[in-house]
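The values are calculated or read from the model by the stated rules, or taken from the named source; none is laboratory data. Nothing here was measured: the structure is a model prediction, and the numbers come from that model. We place every Cβ from the backbone using ideal geometry, glycine too, and count neighbours over all the protein chains shown.
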Amino acid sequence: MRIHTYEKLWLAGSFVLIVGFIVTITYGSVGLGITMIDDEANTVTPDEIGSDDRFSDPRVEQVGEDEYEVYVVAMTFIFQPDPIEVPASSEVTFYVTSRDVIHGFEVAGTNINSMAIPGQVAELTVEFDEPGTYGIVCNEYCGPQHHTMEGSLVVTPESEFSQTELEVNAPEEVAQGDEIDLTATVSNGLLEARESTVNVTIGSQTTEQSITVDGESSENVSVTVDSDELGSGEHDWTVSVDDQDESGTIAVGNESATSESVPIREPDRGGSPP
Ligand code: CUA
């Protein structure tokens with residue numbers, strides 16, 4: 001059988017096209033790592049998110065050296081946590097679910113993009129090389145405020161990344177002559193120990209203390225100031241460590257006024273039976 005040259009060319013061209021299509025589809029589904037949320041994926045009962053270990057407290061959690069897990073809950077019309085803060089040059093795995101309806105979880109300008117489906121947990125692993133701030137948008141219509149549903153992802157330089165929390169216990173009022181005891185509890189949520197500097201300012205007095213807090217634990221820093229040195233009146237205090245700060249006011253009263261202080265009665269505004 002004799003095949004015309006042009007016919008051979010068309011046959012060869014069609015063959016190249018068919019192979020090309022198969023290659024593109026295979027690359028698109030396997031090579032780029034695009035996956036569907038399937039039956040084998042993790043699940044969570046939407047009604048029980050409040051008592052679920054992973055999602056009751058949406059958070060960023062360090063799970064290994066340079067390895068982090070982020071538990072994200074989407075709901076009308078917010079993402080939790082917001083902002084999401086992760087360190088650069090680390091492997092970050094996002095677990096995303098929804099509390100109510102279908103939402104989207106897209107980190108604008110990256111290829112991080114998933115549906116957030118109630119009952120299903122989407123899993124995405126990425127690594128950010130450079131620090132920066134990204135917007136997170138919901139790209140599935142989820143209700144009247146869909147267009148306002150956004151969050152942010154902050155990629156912090158590795159050396160600046162911390163999960164420090166600060167709680168301060170300070171009196172609101174002391175008598176003149178008494179000592180003012182202020183205690184700051186600094187907790188470190190990371191796995192490794194972290195060195196930090198705690199700055200405490202009470203009135204015009206400033207102290208600085210270096211502390212090392214072990215991984216997943218906390219340390220107390222106490223500062224004592226003689227109220228005589230501050231004088232009577234109101235004094236502002238601030239405590240800062242890493243990116244955290246707390247502030248308040250301490251009133252130093254006259255000895256006589258505080259020792260004989262009488263509880264203040266709210267004036268009766270009526271409404272309750274006599
Ligand atoms: Cu959530 Cu659109």
* To do: Report, by residue number, each residue of segment 71-83 that is assigned to a strand (DSSP E or B) and within 16 Å of the ligand (Cβ to nearest atom).
  => 72, 73, 74, 75, 78, 79, 80
* Mind checking whether some residue in segment 118-135 is within 16 Å of the ligand (Cβ to nearest atom), within 16 Å of the chain's Cα centre (by Cα) and either modelled with pLDDT of 95 or more or of a type in the set (A, V, I, L, M) (or both)? -> yes
* For segment 81-100, indicate whether the set of residues that are closer than 22 Å to residue 189 by Cβ, aromatic (Phe, Trp, Tyr) and not assigned by TED's automatic domain parsing to the domain that holds residue 216 is non-empty. => yes
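Results for (1) more than 17 Å from the chain's Cα centre (by Cα); (2) in a strand (DSSP E or B), shown as yes or no for each residue.
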site	(1), (2)
57	no, no
60	no, yes
63	no, yes
69	no, yes
86	no, yes
94	no, yes
110	yes, no
115	yes, yes
* Search result, residues across segment 53-91 that are among the polar types (S, T, N, Q) and over 20 Å from residue 117 (Cα atoms) -> 62, 89, 90
* Asked: Limited to segment 169-180, what total is found for residues that are under 26 Å from residue 216 (Cβ atoms) and either out of contact with any Gly (no Cβ under 7 Å at 6 or more places or on another chain) or aromatic (Phe, Trp, Tyr) (or both)?
  -> 1
* To do: Please tell me if residue 188 is over 21 Å from residue 215 (Cα atoms), free of Cβ contacts under 8 Å to residues at least 60 places away in the same chain and not assigned by TED's automatic domain parsing to the domain that holds residue 116.
  => no
* Asked: Looking at (1) surrounded by fewer than 16 Cβ atoms within 10 Å (Cβ to Cβ); (2) among the hydroxyl-bearing types (Ser, Thr, Tyr); (3) part of a strand (DSSP E or B), which is the one condition that is false for residue 159?
  -> (3)
* To do: Answer yes if at least one residue in segment 201-214 is modelled with pLDDT of 90 or more, outside any strand (DSSP E or B) and either hydroxyl-bearing (Ser, Thr, Tyr) or not assigned by TED's automatic domain parsing to the domain that holds residue 86 (or both), and no otherwise.
  => yes
* To do: Working only within segment 101-112, note down all residues that are more than 9 Å from the ligand (Cβ to nearest atom) and either over 17 Å from residue 154 (Cβ atoms) or exposed (fewer than 15 other Cβ atoms within 10 Å of the Cβ) (or both).
  => 108, 109, 110, 111
